[in-house]
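A.B. asks: Have a look at the structure that comes next, please.
The values are calculated or read from the model by the stated rules, or taken from the named source; none is laboratory data. Owing to the predicted nature of the structure, the values given are computational and were not obtained by experimental measurement. Reconstructed Cβ throughout: ideal geometry from the backbone, glycine too, with neighbour counts over all protein chains shown. We work out accessible area using only protein heavy atoms, side chains counted, and drop any ligands, DNA or RNA first. Shrake-Rupley method; radii C 1.70, N 1.55, O 1.52, S 1.80 Å.
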Amino acid sequence: MASTLAPDQFGPTVCVGEILVEIVATTVGNGFTEAQPLVGPYPSGAPAIFISQCGRLGGSSAMIGAVGDDDFGRVNIDRLKRDGVDVSTISIDAHYPTGSAFVRYRRDGSRDFVYNIAMSAAARFGWSDDVRRLIERAGHLHVMGSALSVPSARDVIDRAVDIVKARGGTLSVDPNIRKELKLHEATEKRFAKLVAAADLLLPSGEELERAAGVEGEVNAIRRLFELGVKEIVLKRGAAGATYFGRDGDRVEAPAFVVAEVDPTGAGDCFGGAYLTCRRLGMPAKEALTYASAAGARNVTIRGPMEGAGTREELDAFISSTERRS
């Protein structure tokens, strides 16, 4: 089960997409139709959470996106810098505010979001000489499905995939498309093309079947390998996670038992940890353990990336936390 991904020394993992702040309702209920207490701002955005975890684990990492010239933007850039992420290609927009997401949890654990992406700095970045130079030395590109709802991100991703793959780099895709982020038909086709080009696919639940275009887990896994995917890690939440290799290898990773405070960002931390561990040379089983720990640790702290762990923090978490049988 040697890694199919370009090693970390080949060049940084680059993530492209929305950078947001998250404001969280402290009450449980449906939506935002009445005044209620809120906490935040927390640095957020699925691509930013993912790359934060990459950096905290010691992987070479960089982020492409944009924030406003405001405190919300500074919260994000300062956090990513502290996590070891190269922020040189995060542009600062003087005219639009940093993107935002308001989230409220329902009693069944599902979430309602109110986003401001389209009319924020999060949607206003693009290809530049600095971006080109970063992509030309990148070893790996990670794409979040949520970023495909942002036209500027789509353009950068389209160019970056070809350059990274041409130089021997690799690609990972996390479908991560929320119900609030509808994709046009052309974007759905772009998503299918990215899946077929992916060396690593990181779906959750029904995203596996959506990515494959067929029903049933076994059929979906078979179809994805036929399309060209090299390895698949299926995130199952409290049921753990499963690695599938093209050669038929399968590894199960039981979930850690934790008290959930805030599940937002768990899948992004899981993916960032798994990818980084694989690029650092770990076998799939060990990478899955760190990924599961990263996701579980993150849900124990309010804020979408507040629980992202360093190698030392995750080692301590693994040694002290029970896993489901």
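A.B. asks: How many of the residues in segment 203-225 are closer than 17 Å to R190 by Cα and either of a type outside the set (G, A, S) or open to solvent by 50 Å² or more (accessible area, probe 1.4 Å) (or both)?
C.D. replies: Number of matching residues: 7.
A.B. asks: So T276 ticks every box in (1) within 26 Å of G145 (Cα to Cα); (2) touching a residue at least 60 places away in the same chain (Cβ under 8 Å); (3) polar (S, T, N, Q); (4) assigned to a loop (DSSP other than H, G, I, E, B) but one. Which box is left unticked?
C.D. replies: (4)
A.B. asks: Give the residue that is surrounded by the most Cβ atoms within 10 Å (Cβ to Cβ), with candidates limited to residues of segment 89-109 that are of a type in the set (S, T, Y) and not in a loop (DSSP other than H, G, I, E, B).
C.D. replies: This residue is S100.
A.B. asks: Which ones in segment 230-278 are open to solvent by 20 Å² or more (accessible area, probe 1.4 Å), closer than 21 Å to P304 by Cβ and of a type in the set (D, E)?
C.D. replies: E260
A.B. asks: Does D130 satisfy being closer than 24 Å to L227 by Cα and without any contact (Cβ under 8 Å) to a residue 60 or more places away in the chain?
C.D. replies: no
A.B. asks: Please determine whether any residue of segment 29-41 is modelled with pLDDT of 95 or more, crowded, with 16+ Cβ neighbours inside 10 Å and either under 30 Å from F244 (Cβ atoms) or among the small types (G, A, S) (or both).
C.D. replies: no
Condition check ((1) assigned to a strand (DSSP E or B); (2) within 30 Å of V24 (Cβ to Cβ); (3) of a type in the set (D, E)) across all residues:
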{"site": "I221", "(1), (2), (3)": "no, no, no"}
{"site": "I232", "(1), (2), (3)": "yes, no, no"}
{"site": "E252", "(1), (2), (3)": "yes, no, yes"}
{"site": "V258", "(1), (2), (3)": "no, yes, no"}
{"site": "V261", "(1), (2), (3)": "no, yes, no"}
{"site": "G267", "(1), (2), (3)": "no, yes, no"}
{"site": "G271", "(1), (2), (3)": "no, yes, no"}
{"site": "A293", "(1), (2), (3)": "no, yes, no"}
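A.B. asks: On the basis of being within 20 Å of N298 (Cβ to Cβ), buried (at least 19 other Cβ atoms within 10 Å of the Cβ) and modelled with pLDDT of 95 or more, does S44 make the cut?
C.D. replies: When the stated conditions are applied, S44 passes them.
A.B. asks: Right, something else. Which of the following residues is out of contact with any His (no Cβ under 8 Å at 6 or more places or on another chain), surrounded by fewer than 14 Cβ atoms within 10 Å (Cβ to Cβ) and acidic (D, E): D112, D129?
C.D. replies: Of D112, D129, the one residue that is out of contact with any His (no Cβ under 8 Å at 6 or more places or on another chain), surrounded by fewer than 14 Cβ atoms within 10 Å (Cβ to Cβ) and acidic (D, E) is D129.
A.B. asks: How about segment 33-88: which of its residues are aromatic (F, W, Y) and outside any helix (DSSP H, G or I)?
C.D. replies: Within segment 33-88, just Y42 meets the criteria.
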